1. If you take every DSSP beta bridge fully contained in the chain, what fraction is antiparallel? Give it as a percent rounded to 5.
2. Cα centroids of the range 124-185 and the range 251-275: how far apart, whole angstrom?
3. Taking neighbour Cβ counts within 10 Å as the exposure measure, how do 189, 358 sort from fewest upward?
4. What's log10 of I(q)/I(0) for the range 303-361 at q = 0.16 Å⁻¹, Debye sum over Cα points only, no solvent?
5. Starting from the Cα-Cα distance between residue 74 and residue 279, subtract it from 0.36 nm times their residue separation and give me the gain in nm to one decimal.
6. Compute the distance in nm between two label points, each set 7 Å from the Cα along the Cα-to-Cβ direction, one at residue 19 and one at residue 147.
7. Quick one: if you take sqrt(5λ) for each eigenvalue of the C-alpha gyration tensor of the chain, what semi-axes come out, biggest first, whole angstrom?
8. Run the numbers for residue 226 and residue 184: contour at 0.36 nm per residue of separation, minus the present Cα-Cα distance, in nm.
Ligand SMILES: *Cc1c(COP(=O)(O)O)cnc(C)c1O
């Protein structure tokens, strides 16, 4: 028998969350962001859930874009970092991808390319994130160069918000965007999940929801995924494979960071950081054992972690454990580990077997 750890992907929940995003987008279209192997959920599974449903997709990797096209997806596909070398351009054109153009280097490649047909592009404007894009000073000449490239057909202006999920909000960057793009009549793409949920008026014509599709709250400190109407997509489960009864003063795990203050029943779970569980999750991280909530104890090992069964006498070897997902928000586990659900999902290790669930399949 393989180790009992297992991840299950709920395709219906993914579809539900996408449809919620599209509803929030109003008249805008919503590109499902499926970068990073659909935030660790599997690009093929995202296609299963969203193919024929999503208005379009956004990702980074040409190979993932190819997988979408090979699966018969004809909807628009945006490349959020654009292309990286001249050789990419022929395939971008052939697959009908919409690259983000954010640098003079990319403009140069476009100018020198001989393309077999037209391409649509997103022009990335840096409104304060200071990651990718043209600034107030460089945007106008960049747009002029782009418009002079005969193969360039549709142009959409795009920016990315740095504070859509916190108290700063999007007003400042939105004002900068409007100033830089004043007088231009191109469609715009602005909102990630947090902006779409908090500032739907800033959705533009093409929203780019990511984390909310996978059931993570983009702002867990402000609103839980459940309160937002999102359903968990990935459930990571395992089982108790060992039990220890310890007394006051005894310790658990590497470094003995947990010290029992009384008789404690310790459950050992087949899940560790080599499965993608965050090693930074401290004692007290929530975990479900037999559907009941308890806490982790001590440091997470490579292949195992410990939890408190003191108030769960019925739990023992073979009792099912939920690390996150159905019944326990990944956001809560992430918070206890000082990170965000995005990182937990993306870190799911290749050694964890994955299955899909869908009422319709
Ligand atoms: C990842 C990404 C998104 C999606 O962000 P979420 O916070 O996951 O909704 C949108 N736009 C760009 C440019 C991105 O890189």
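Computed from the coordinates by the stated procedures, all read-outs in this text should not be read as laboratory data. Note that the structure is predicted; figures quoted are calculated from it, not measured. FYI the Cβ positions are ideal-geometry reconstructions off the backbone, even for glycines, and counts take in every protein chain you see.
1. Working: 30 of 55 bridges.
Here the share of antiparallel DSSP bridges comes out near 55 percent.
2. Cα centroid to Cα centroid, the span is 50 Å.
3. Listed from fewest to most nearby Cβ atoms, that is 358, 189.
4. -0.74
5. Numbers: separation 205, 0.36 × 205 = 73.80 nm, distance 4.05 nm.
Value of the extension gain: 69.7 nm.
6. 4.2
7. On the way: eigenvalues 389, 86, 63 Å².
After scaling each eigenvalue by five and taking roots: 44, 21, 18 Å.
8. Contour length minus Cα-Cα distance gives 11.2 nm.
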